[in-house]
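J.: First the structure, then my questions, so here it is.
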Amino acid sequence: MAVDVPIGGVRAVSSGPAIADSTTCADALALVRKYSLPGAAARVRETLKPGEPADFIEHEALCDLRSPAQEAARRRGLRMLDSPVHGEVEAFAEALGTERGFVCASGELEVRVPRNAPPGGRDQHLALLMARNLRGDGGAAFLAAGTDGRDGPTAAAGAMVDGFTWEEAERRGLHPARALAEFDAARVLGALGLLIPERHTGAHAGDLFLLRR
């Protein structure tokens, strides 16, 4: 199976009802009480537990959040960053700004989108951040895309930019700096023809990031 959980392996996959789970509903309810989470169910049913008669199916993770970067590194000889990557998109973009050569990474990043922001995706937002970081570097290029072929509620899987993207956006009056502040990267990258069209792959193992610099 393909899993998109950073830790826990196959047992952490919520859509795997045939996978024995050693945790209990009492554990989950304890977390609800600890963090004062709303909406705890009054009646719950335990999942399959290790050693029960139905626990006879073997499961193996064929692909996880590290796999896209591992495959890119194997096939193309790229240097793989520590994966899976996580944390804020802005922090990852800043870290990538110090990298050189041909590098790859995969994982899932976070972006805090304000209320009423236009449709967009974290990979498109990251790509525009990288366009700002790479501006003026004629030999630089960056790609960010979801392995499921989708990036947020848009018709794109992600985007690709290079060292000329930021200045070209400014030259066309697309106001890329304002787009970053307003989480409107999709508009700018779409106008420049840099969006990667969506393509539903049927599986999700995080996002893939490729940098040439």
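J.: Comparing MET130, MET80, MET160, which has the greatest mean-square fluctuation in the GNM of the chain with Cα pairs linked when under 10 Å apart?
T.: Of MET130, MET80, MET160, the Gaussian network model singles out MET80 as fluctuating most.
J.: I'd like to know which of THR147, PHE56, LEU126 lies farthest towards the positive end of the charge dipole of the chain, counting +1 on Cβ of Lys and Arg and -1 on Cβ of Asp and Glu.
T.: LEU126
J.: I'd like the orientation of helix 122-134 relative to the chain: the angle between its Cα long axis and the longest Cα principal axis, in ° from 0 to 90, rounded to 10.
T.: So the inclination is approximately 40 degrees.
J.: Summarise the accessible area of the chain (1.4 Å probe, protein heavy atoms) by the percent that is carbon and sulfur.
T.: On the way: 6630 of 12470 Å².
Carbon-and-sulfur percentage of accessible area, whole number: 53.
J.: Also, I was wondering about something else. Given an 8 Å cut-off on Cα distances and at least 6 residues of separation, report the relative contact order of the stretch 79-168 as a percent. Please report the intermediate quantities before stating the final value.
T.: Working: 147 pairs, mean separation 24.1, N = 90.
Averaging sequence separation for qualifying contacts and normalising by length gives 27 percent for the stretch 79-168.
J.: Then there's this: By accessible area of protein heavy atoms, probe 1.4 Å, what ranking do ILE19, ILE196 get, highest first? Provide the component values of the computation, followed by the final result.
T.: Values: ILE19 15, ILE196 35 Å².
From most accessible down to least: ILE196, ILE19.
J.: In whole Å, what is the distance between the alpha-carbon centres of the stretch 188-213 and the stretch 86-153?
T.: Between the Cα centres of the stretch 188-213 and the stretch 86-153 lies a distance of 10 Å.
J.: If you roll a 1.4 Å probe over the heavy atoms of the protein chains, what accessible area per residue do you get for the stretch 170-213, in Å²?
T.: Values: 2420 Å² over 44 residues.
I get 55 Å² per residue for this part.
J.: Quick check: the angle from helix 25-34's long axis to the longest principal axis of the chain, C-alpha only, nearest 10 degrees?
T.: 60 degrees
J.: So, one more: May I ask for the angle, rounded to the nearest 10°, between helix 67-76 and the longest principal axis of the chain, with both axes built from Cα atoms and the value confined to 0 to 90°?
T.: Between helix and principal axis, roughly 50 degrees.
J.: With each pseudo-label sitting 7 Å past Cα toward Cβ, what's the ARG172-ASN116 distance in nm, one decimal?
T.: The modelled label-to-label distance comes out at 2.7 nm.
J.: Something else now. Where both residues lie in the stretch 131-210, what percent of DSSP beta bridges are antiparallel, nearest 5? Don't skip to the answer; put the middle values down first.
T.: Details: 12 of 12 bridges.
That works out to approximately 100 percent antiparallel.
J.: If you average the sequence gap of Cα pairs under 8 Å that are 6 or more apart and divide by the length of the chain, what percent do you get for the contact order?
T.: Reported as a whole number, the value is 22 percent.
The values are calculated or read from the model by the stated rules, or taken from the named source; none is laboratory data. The model shown is predicted, which means the values in this text are computed figures rather than measured ones. No Cβ is skipped: glycine too gets one built from the backbone with ideal geometry, and neighbour counts run over all protein chains shown. Accessible surface is based on the protein model in full, side chains and every heavy atom, while ligands, DNA and RNA are left aside. Shrake-Rupley method; radii C 1.70, N 1.55, O 1.52, S 1.80 Å.
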